[in-house]
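S.K.: Before I ask anything, let me first share the structure, which is written out below as structure tokens.
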Amino acid sequence: MREQLDTIKHLYRLSGILVHPTSLPGEYGIGDLGPEAYRFADFLRDAGQHLWQTLPLGPTGDTNCPYQCYSSFAGQPLLISPELLRDDSLLSGEDLRDKPEFPEEKVDYELVKEYKDTLFHRAFERFQAEDFPELKKEFEEFCLNTDWLPDYAMFMAIKKSKNGAHWLNWEKKYRKPTKSQKTVIERELHEEITYEKFLQWLFFRQWEALKQYANEQGILLIGDIPIFVAGDSADVWAQPKLFQLDKDGFPTVVAGVPPDYFSATGQLWGNPLYDWKYHKKTDFAWWMKRIETQLTMSDIVRIDHFRGLESYWEVPADAENALAGKWAEGPRDAFFEQIEQIFGTDLPIIAEDLGVITDEVRALRDRYHLPGMKILQFAFEDDNSSYLPYNQPYNCICYSGTHDNDTSTGWYDHAPEHIRDKVRRYMNTDGSQISWDFIRTCFGSPARIAIVPVQDLLCQGSEYRMNVPGVADGNWAYRIKDGLLTSDIAKRLRDITRLYGR
């Protein structure tokens with residue numbers, strides 16, 4: 001299997017689809033790691049694809065944003081499949097019969113959370129009460145061998161006992177517990193802590209099985225590492241030394257980006273920034289563990305906001321928007337030298353190099369032979385754009401669009417006529433099925449990898465986009481309606497893939 005995957009990685013040209021598991025069809029209100037995920041892997045195989053790219057897979061907070069997770073290491077419990085729990089006898093068929101009426105094309109997160117939490121507690125109670133010797137042995141081994149798990153489980157158990165309050169609003173004994181206080185908390189919240197560990201075991205058990213199946217179909221998984229972590233996370237709570245915080249745990253500076261394509265005032269993300277001097281003293285141990293964890297979950301990882309490793313936009317914590325920020329120096333070569341020392345020189349890393357990119361950022365990317373990203377939707381807004389296919393280097397990934405972009409159909413529908421005219425002339429099309437023109441152009445580019453969001457296969461418009469940057473509500477809810485990914489679409493994509501040698 002390992003040799004087969006290495007062969008796939010080193011093929012001259014590869015292609016794939018971007019779709020987060022939450023977007024898959026299914027009966028339980030949200031895409032998960034169950035039967036529909038396996039069907040999607042089959043679809044990719046039948047369509048001649050070798051790559052499945054997801055968004056970050058961590059447990060999300062109130063905004064449901066996968067780039068703002070409660071942990072850099074933990075998995076999203078909402079992705080746990082009730083059907084697979086039934087197959088393991090942790091749930092019964094009766095448990096799954098009475099479910100709410102979920103919308104087909106959107107995730108109603110509150111309804112899903114309420115429903116799945118009830119199911120998971122039922123599975124937990126059965127796991128504890130009944131005889132599951134093999135499963136219990138697996139669970140014990142998972143708990144013993146997962147070093148981030150105790151802090152994460154305690155963090156989530158306390159958070160739930162505080163009705164979801166931000167950890168900075170907890171009483172001091174919970175906010176900054178000593179070792180002896182953690183022992184007391186462990187006894188006090190033992191049941192809830194064990195439940196959180198149980199959820200993580202289920203997630204990783206199901207994810208590892210899905211990854212193995214995808215790999216057996218010749219499909220590599222591309223994961224996603226957000227460069228920053230959420231302030232309200234187990235990472236910041238348990239290891240404040242990693243970040244620029246005051247003595248009470250509040251950030252002194254936060255992350256964002258200056259004005260760019262997506263926002264005239266920049267974007268104020270609000271994540272705490274790293275204390276890179278401290279990280280360097282530890283040989284970036286936390287980061288190396290983070291990358292190691294992601295590389296066990298996926299075959300290739302995309303580092304979101306790669307440019308922040310060269311220089312990052314540092315905004316005072318009390319600023320109203322990102323305009324008040326300034327550039328600060330990132331870890332640069334020391335970081336990647338440490339990665340190469342541990343993981344070798346042939347790094348399975350994609351550099352998300354969008355936004356304000358300087359020669360220094362490009363040089364850092366190229367020194368370590370990391371492929372960057374080229375977005376076709378950006379290619380037609382300037383003359384001789386570096387995103388146009390004829391300007392793309394071999395060592396890059398060509399995307400029709402990303403999760404932050406409009407769909408190709410939606411983008412074209414809203415573009416000024418002079419840009420639409422340029423697209424039609426460049427792609428030699430009448431624009432009647434523009435998303436397939438984007439797919440064909442993307443797959444025909446010189447880039448070693450071509451990836452398109454699943455919405456483009458379905459010719460879907462703006463109402464189906466995954467995220468609108470700068471808009472707080474209504475994002476991350478997109479789902480594929482059951483039956484849309486047909487054998488005809490698979491054949492059409494396979495023909496294009498073969499035509500362009502991918």
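The values are calculated or read from the model by the stated rules, or taken from the named source; none is laboratory data. Treat the numbers as computed from the prediction; the structure is a model and nothing was measured. So basically every Cβ, Gly included, is an ideal-geometry build from the backbone, and we count neighbours across all protein chains shown.
S.K.: If you scan segment 332-360, which residues turn out to be within 15 Å of residue 255 (Cβ to Cβ) and crowded, with 20+ Cβ neighbours inside 10 Å?
M.R.: Correct list: 352 only.
S.K.: Quick one: residue 89 ticks every box in (1) polar (S, T, N, Q); (2) over 22 Å from residue 465 (Cβ atoms); (3) surrounded by 14 or more Cβ atoms within 10 Å (Cβ to Cβ) except a single one, so which number is it?
M.R.: Residue 89 satisfies all of (1) polar (S, T, N, Q); (2) over 22 Å from residue 465 (Cβ atoms); (3) surrounded by 14 or more Cβ atoms within 10 Å (Cβ to Cβ) except (3).
S.K.: Moving to a separate point now. List every residue pair whose Cβ atoms lie under 7 Å apart, where the two residues are 6 or more positions apart in sequence or sit on different chains, the first residue falls within segment 350-377 and is on the phi > 0 side of the Ramachandran plot and assigned to a loop (DSSP other than H, G, I, E, B), and the second residue, located anywhere, is surrounded by 15 or more Cβ atoms within 10 Å (Cβ to Cβ) and of a type in the set (Val, Ile, Thr).
M.R.: That search, which allows pairs on different chains as well, returns 355/257.
S.K.: Among the listed residues 187, 205, which satisfies the condition of being at pLDDT 95 or above, among the basic types (Lys, Arg) and out of contact with any helix residue (DSSP H, G or I) (no Cβ under 8 Å at 6 or more places or on another chain)?
M.R.: Result of the check over 187, 205: 187.
S.K.: Consider only pairs whose beta carbons are under 9 Å apart and that are at least six residues apart or on different chains; among these, list those whose first residue lies in segment 145-173 and is on the phi > 0 side of the Ramachandran plot and whose second residue is surrounded by 15 or more Cβ atoms within 10 Å (Cβ to Cβ).
M.R.: Matching pairs, first to second residue: 164/61.
S.K.: Quickly run through segment 482-497 and pick out the residues that are in contact with a Leu (Cβ under 9 Å, 6 or more places away or on another chain) and of a type in the set (Lys, Arg).
M.R.: 492
S.K.: A further question follows. Looking only at segment 290-339, how many residues end up being touching a residue at least 60 places away in the same chain (Cβ under 8 Å) and on the phi > 0 side of the Ramachandran plot?
M.R.: Residues that pass the stated criteria total 1.
S.K.: Which condition breaks for residue 323 when tested against (1) within 22 Å of the chain's Cα centre (by Cα); (2) surrounded by fewer than 18 Cβ atoms within 10 Å (Cβ to Cβ)?
M.R.: (1)
S.K.: Conditions: (1) in contact with a strand residue (DSSP E or B) (Cβ under 7 Å, 6 or more places away or on another chain); (2) among the β-branched types (Val, Ile, Thr); (3) surrounded by 23 or more Cβ atoms within 10 Å (Cβ to Cβ). Residue 402 meets all but one. Number of the miss?
M.R.: (3)
S.K.: What number of residues in segment 445-495 are more than 20 Å from the chain's Cα centre (by Cα), more than 15 Å from residue 410 (Cβ to Cβ) and not in a loop (DSSP other than H, G, I, E, B)?
M.R.: Total satisfying the criteria: 9.
Yes/no matrix, rows are residues, columns are (1) surrounded by fewer than 21 Cβ atoms within 10 Å (Cβ to Cβ); (2) within 20 Å of residue 324 (Cβ to Cβ):
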residue: 203; (1), (2): no, no
residue: 226; (1), (2): no, no
residue: 233; (1), (2): no, no
residue: 241; (1), (2): yes, no
residue: 250; (1), (2): yes, yes
residue: 257; (1), (2): no, yes
residue: 272; (1), (2): no, yes
residue: 286; (1), (2): yes, no
residue: 297; (1), (2): yes, no
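S.K.: For segment 391-417, how many residues meet the condition of being assigned to a loop (DSSP other than H, G, I, E, B), among the polar types (S, T, N, Q) and out of contact with any helix residue (DSSP H, G or I) (no Cβ under 6 Å at 6 or more places or on another chain)?
M.R.: Going through segment 391-417 one residue at a time, the tally reaches 3.
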